[in-house]
1. Does Ala160 satisfy the criteria of being more than 23 Å from Ala31 (Cβ to Cβ), among the small types (Gly, Ala, Ser), away from the ligand (no atom under 15 Å from the Cβ) and surrounded by fewer than 18 Cβ atoms within 10 Å (Cβ to Cβ)?
2. Looking only at the range 10-52, count how many residues are under 15 Å from Ile111 (Cα atoms) and of a type in the set (Gly, Ala, Ser).
3. Out of the residues in the range 121-141 that are closer than 17 Å to Leu159 by Cα and of a type in the set (Ser, Thr, Tyr), state the one that is surrounded by the fewest Cβ atoms within 10 Å (Cβ to Cβ).
4. Does Glu146 count as charged (D, E, K, R), surrounded by fewer than 20 Cβ atoms within 10 Å (Cβ to Cβ) and free of Cβ contacts under 8 Å to residues at least 60 places away in the same chain?
5. Please work out which residue is nearest to Ala180 (Cα to Cα), limiting yourself to the range 1-37 and to residues that are without any contact (Cβ under 8 Å) to a residue 60 or more places away in the chain and in contact with a helix residue (DSSP H, G or I) (Cβ under 6 Å, 6 or more places away or on another chain).
6. Would you check which residues across the range 5-43 are of a type in the set (Gly, Ala, Ser) and either in a strand (DSSP E or B) or within 14 Å of the ligand (Cβ to nearest atom) (or both) and list them?
7. State which residue pairs qualify: first residue away from the ligand (no atom under 11 Å from the Cβ) and inside the range 173-189, second residue modelled with pLDDT of 95 or more and among the hydroxyl-bearing types (Ser, Thr, Tyr) in any location, beta carbons under 6 Å apart, and separation of 6 or more residues or different chains.
Amino acid sequence: MTNVLLVTSSPRGAEGLSTRFATELAKKLAAQSGGAVTPRDLSAKPLPHIASAYISGRTAPPESRTPEQAEAVGRAETLIHELQTADAIVIGSGMINFSLSTQLKAWFDHIIWPGVTFAFDASGPRGLVTGKKVYLVTASGGVFSEGAYAPFDFQTAYLAHLLGFIGLTDVDVIRIEGTAYGPDAVNAAIAAAEAQIGAALARAA
Ligand SMILES: Cc1cc2nc3c(=O)[nH]c(=O)nc-3n(C[C@H](O)[C@H](O)[C@H](O)COP(=O)(O)O)c2cc1C
């Protein structure tokens, strides 16, 4: 049974291609194993930017936190609990200005917590969220998997680095790319995404 955490983050909400295909993959992944999907919709319910109450609250003893600190820390604990209790994580990410949306960045800013999701000792950093499969569903107007723009994909490499930093090193990337090049390109990108999703589901079965 695969319980799937579905994190969607397109500023376009349900219309976003990353949202659409991440949702399709998460639902099929859970269905084929008799598991369930836990949605974390960062577009419908955006997280705040992290702020002073969160930073100071994380290191304060729980009993001495102010109400603002307790609220901010509690929000992060909820997100981390969702992550820790999932078997697989599907993340939908639309490219915004060559990187990820602020909605998704805020999620990472909440879940990357020293001593909780990563440790740091004499041997360096060590991820603490291990043994989970991640599917990264990215959408972009340009083509970044190859060609002249490949060096400017600050989305996929950055996301893979953030995930690996907390221990999530098993990452499959599904790209919906080149959608800025007209309707035929959109159809081709969607067909390619469907094929990648089918292959990912077959590998997981
Ligand atoms: C504000 C904004 C910035 C964007 N920046 C880029 C970009 O830097 N490179 C790119 O290839 N596409 C860019 N796009 C196009 C999106 O990546 C594309 O529409 C993608 O499908 C968005 O994901 P979504 O469909 O899940 O919302 C941008 C779109 C918007 C609205």
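1. yes
2. Residues in the range 10-52 being under 15 Å from Ile111 (Cα atoms) and of a type in the set (Gly, Ala, Ser): 1 in total.
3. Here the answer is Thr130.
4. When the stated conditions are applied, Glu146 passes them.
5. Applying the filter and picking the extreme gives Val37.
6. Ser9, Ser10, Gly13, Ala14, Gly16, Ser18, Ala22, Ser43
7. Val173/Thr156
The values are calculated or read from the model by the stated rules, or taken from the named source; none is laboratory data. Everything numeric in this text was worked out from a predicted model, so none of it was measured. Cβ: placed from backbone, ideal geometry, glycine included. Neighbour counts: every protein chain shown.
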